[in-house]
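The values are calculated or read from the model by the stated rules, or taken from the named source; none is laboratory data. In this text, all values refer to a predicted model and were calculated from it rather than measured experimentally. Don't worry about glycine lacking a Cβ; one is built from the backbone with ideal geometry, like all the others, and counts go over all protein chains shown.
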Amino acid sequence: MRNTLVGGRAAGLATSLGTCSGLLVHATAAALGLSAVLVASSRAFTAVKLLGAAYLLVLGVRTILQAGREPRSDPTGERATSAWIGYRQGVLTNVLNPKVAVFFLSLLPQFVEAGDGFVGRVLVLAAVFIAIGLAWLTAYTFALDALGATLSRARVRRAIETVTGGVLVALSVRLALARR
């Protein structure tokens with residue numbers, strides 16, 4: 001939401017694409033059995049969980065501190081939330097979320113019969129899931145972009161960014177304290 005409002009439609013779409021790219025990483029890991037290592041190893045799970053919590057905390061605090069400020073440009077004149085930054089945020093937020101790995105490991109294989117072609121069938125099912133997710137996130141981005149004039153007003157944007165930052169901080173704490 002923030003990336004769409006601050007960086008425009010391109011940044012929002014790039015964030016959505018990044019989020020779905022992160023899903024692809026988890027889906028591939030689950031299909032190949034790599035997510036099982038994450039689930040089985042409490043140390044690996046804890047490491048990924050804490051990395052994800054730290055990343056969410058940084059995003060949340062930064063969002064709160066920048067709430068209501070005009071987006072800065074870098075020396076090249078690029079907007080503070082460019083498409084590349086949005087994509088990177090989407091990927092990192094998703095890849096560093098161990099709950100997504102557990103979701104893909106526990107959900108997708110249930111719907112695929114074991115045997116030859118298992119990996120391919122899991123990947124096809126994951127691709128359908130990711131395509132649906134991308135369609136939803138794209139529609140959400142377009143809706144936010146259409147409401148951009150209203151949502152981009154200084155008071156509204158400050159409120160949205162403060163709440164969003166607070167939610168990210170709360171999610172980081174919840175993730176850090178989660179047992180599994």
Mind checking whether some residue in region 62-81 is under 16 Å from the mean Cα position of the chain (by Cα) and either within 29 Å of Asn3 (Cα to Cα) or at pLDDT 80 or above (or both)?
yes
Filtering region 92-134 down to residues that are in a loop (DSSP other than H, G, I, E, B) and touching a residue at least 24 places away in the same chain (Cβ under 8 Å), which residue is surrounded by the most Cβ atoms within 10 Å (Cβ to Cβ)?
Asn97
Ala176 passes all but one of the listed conditions (1) under 19 Å from the mean Cα position of the chain (by Cα); (2) at pLDDT 85 or above; (3) surrounded by 14 or more Cβ atoms within 10 Å (Cβ to Cβ); (4) aliphatic (A, V, I, L, M); the exception is number (2)
Residues to consider are Val128, Val122; find the one that is closer than 20 Å to Val25 by Cβ and modelled with pLDDT under 85.
Val122
Would you please name the residue that is farthest from Asn94 (Cα to Cα), looking only at residues in region 144-169 that are without any contact (Cβ under 8 Å) to a residue 40 or more places away in the chain and in contact with a helix residue (DSSP H, G or I) (Cβ under 8 Å, 6 or more places away or on another chain)?
Thr150
Go through region 1-22 and count every residue that is within 16 Å of the chain's Cα centre (by Cα) and not in a helix (DSSP H, G or I).
1
Which of (1) assigned to a helix (DSSP H, G or I); (2) without any contact (Cβ under 8 Å) to a residue 12 or more places away in the chain does Thr141 not meet, given it meets every other one?
(2)
In region 9-24, anything buried (at least 20 other Cβ atoms within 10 Å of the Cβ) and closer than 19 Å to Val156 by Cα is listed as Gly12
